[in-house]
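To start, the structure itself, in structure tokens.
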Amino acid sequence: MESIYYVLTWACHRRCKHCYDTRFRPYVRDALEDVLVESDTHFERVIANLPSTMIYQDPKNLTPEGKPEERIGRIILAGGEVLIDPVRERIFYPALDALNAKYGKGGVNISIQTTGDLVTPKILDEMLERNVWMIAIAGMDDFHVGMEGDKRLPLMEKLTDMF
């Protein structure tokens, strides 16, 4: 299998009008805890039920013997937003640790989808320490709340400096 897209949590700090799921919203009172419990309750079981290997055969690239080359697949962790404070420590980092335990270093390419505005040098280091292979920044356009027009420029500069 080349890739698996896993929505790790519904929790999100934005209110984007186009969002396909009304569960991806800022929460009041105990609603955030309910969303966290849902993710916390299931992520270990979901990871346990992922394929035993993320190695796949690529028919577009053949070995000299004419056999498909083996490639390392990826798991994309997304949300909601995986980097908001209660999700990051309680669900996201343990999920990364569980994926690393299951596949070992180099056994899977782990990709993260994030809004980008919560990435800090410390969080970046913590993700890299947990073998995150790619960080995909989504939502720096006029359709995402807080990123309209020139509002996105400081975030773009911050991320460019970090990477």
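What the table below lists for this structure:
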{"item": "Subset of region 120-163 (residues that are in a loop (DSSP other than H, G, I, E, B), among the charged types (D, E, K, R) and either touching a strand residue (DSSP E or B) at 6+ places or on another chain (Cβ under 6 Å) or within 21 Å of residue 15 (Cβ to Cβ) (or both))", "result": "141, 142, 148"}
{"item": "Filtered residue count, region 1-46, keeping only those that are under 25 Å from residue 74 (Cβ atoms), at pLDDT 75 or above, touching a Phe, Trp or Tyr at 6+ places or on another chain (Cβ under 8 Å) and among the hydrophobic types (A, V, I, L, M, F, W, C)", "result": "6"}
{"item": "Within region 120-131, tally of residues that are over 18 Å from residue 160 (Cα atoms) and of a type outside the set (D, E, K, R)", "result": "1"}
{"item": "Count of residues meeting criterion [farther than 27 Å from residue 103 by Cβ and among the β-branched types (Val, Ile, Thr)] in region 119-163", "result": "2"}
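The values are calculated or read from the model by the stated rules, or taken from the named source; none is laboratory data. Small disclaimer: the values here were computed from a predicted structure and weren't measured. Note: ideal-geometry Cβ built from the backbone for every residue, glycine included; neighbour counts use all protein chains shown.
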